[in-house]
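What follows is one structure encoded as structure tokens, with my remarks underneath.
Taken together, the values in this text are just the output of simple stated rules run on the coordinates, not laboratory data. Treat the numbers as computed from the prediction; the structure is a model and nothing was measured. When we count neighbours, we look across all protein chains shown, and the Cβ atoms used for this are built from the backbone with ideal geometry, even at glycine.
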Amino acid sequence: MRSRLKEWRVLRGMTQQQLADRAGVSRQTVGGLESGEYGPGVDVALRLARTLACRVEDLFALSDEEQLLPLRGVAPTVAPYRVALAEIGGVVLARPLQGLGQLAPADGIAAGEGREGLVRIAPLPSAGRNLFVAGCDPALGLLCGHVERAPSHVGARWWNAGNGEARAQLRRKEVHAAAVHGPAGPTSAAQADGIARFRVGNWQLGFITAAGNPKGLTGAHDLARADVRLVNREVGSGARDLLDRILTEQGVATQSVRGYHDEVAGHLEVAAAVALGAADVGIGHAAAAAERGLGFLPLAEEACDLLLSLELLQQREGLALIDALGSAAFRRDLSAFGPYDTTRTGDRIV
């Protein structure tokens, strides 16, 4: 039997003692049921379900039965669809596998039905618990691969998101870790309480152009030309912030830039748009340009850091992530993957 009592308790914002008091049972009973030490009687199961405003089968089910789980991310409009599962902050949640993660093995199949932001999931026999990481650096996919190859057997999934969205997902406990990037140099920004910061690597952010730079682009002033079309990053991303800063410094009005409002979410997507001819230029990661064989005009050196909770550092998933990040194998792989400076890769910054 699988007990999901702890997940529902955390989801409702209760301690074990609060749940016990409201359901009229002892705290030891709640603890024993959460740990799976014993199964519930009918009376206790009904009391707990009523207190948590759910069904008994949502709390206790056979291991091969469907589960009702919180859904995060944007679900496909048509069910069934594939999901990955992770436990974050004591709650097991599901995220649809689509976009960059669509080829990863699924942990379950969603029926597309549910309530209160919950969805009914049929776990696959090989279903496990994953480490979720959000960020826009393509190296995160590489890092997740190194986590999965380690002896700890922790699964890892990368969710593509700009700086602002990655931080938001970490705050909302939708991911275990978030990667953010900004100007290289001493880290002076105030760090949130309970959050640790580790260096992934330093890299160049710049203009991605078609191979050979056929438009002869030399800087931001060229974006105002009538024969140049830009593909932009979303508001809140580090690349968008850098572009806006450079346009302001050079006195280029955004309304004079063709394609300024044409947005994609990710460095790889910028490179794809340029490679396919949908745009002449976009601001992105040097590694994304190299992966597509495109031209690259460097603008600024950026440092990418991984943010995760101090609590996660005491857990198996967090230890696996930091071990992989600091490994010699990852540093060598990262150096060959793209133009990264790995001198401080794996170092704790804050």
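Residues VAL147, VAL10, arranged from fewest to most other Cβ atoms within 10 angstrom of their Cβ, appear as VAL10, VAL147. I'd like the orientation of helix 238-249 relative to the chain: the angle between its Cα long axis and the longest Cα principal axis, in ° from 0 to 90, rounded to 10. Compared with the principal axis, the helix lies near 30 degrees. In this simple spin-label approximation, ASN213 and ALA336 carry label points 7 Å from Cα along the Cα→Cβ vector, and these lie 3.0 nm apart. In the chain, helices alone account for a calculated mean residue ellipticity at 222 nm of -8500 deg cm²/dmol, with every DSSP H run of four or more residues adding -39,500 (n - 2.57).
Using alpha carbons only, how many angstrom separate the centre of region 240-308 from the centre of region 49-96? So the two Cα centres are separated by 37 Å. Length gained on full extension, ASP347 to LEU319, computed as 0.36 nm times the residue gap minus the Cα-Cα distance: 8.7 nm.
Residues in region 22-62, backbone N under 15 Å from the label point at ARG129 (7 Å along the Cα-to-beta-carbon vector): list them, ranges by number please. 34-37, by backbone N distance to the label point. Taking other residues whose beta carbon is less than 11 angstrom from the beta carbon of ARG95, and scoring Lys, Arg as +1 and Asp, Glu as -1, yields +1.
Ordering HIS146, HIS261 by the number of other Cβ atoms within 10 Å of each residue's own Cβ, fewest first, gives HIS261, HIS146. Both the radius of gyration and Dmax for region 136-350 are 17.6, 55 Å, in that order, over alpha-carbon atoms. Projecting label points 7 angstrom from Cα along Cα→Cβ for GLN18 and SER152 puts them 3.0 nm apart. Once the Kirkwood radius over Cα pairs is known for region 5-113, the Stokes-Einstein relation at 37 °C and 0.692 mPa s delivers a diffusion coefficient of 216 µm²/s.
Each of ILE322, ILE121 has some number of other Cβ atoms within 10 Å of its Cβ, and from fewest to most they run ILE322, ILE121.
Full extension of the chain between ALA111 and ALA300 yields a length gain of 63.5 nm, computed as 0.36 nm times the residue separation minus the alpha carbon distance.
Taking 7 Å steps out from each Cα toward its Cβ at LEU276 and THR77 produces label points 1.8 nm apart.
Restricting attention to region 147-180, which trypsin sites (Lys or Arg not before Pro) occupy a DSSP loop and are surrounded by at most 14 other Cβ atoms within 10 Å?
Answer in residue order: ARG172.
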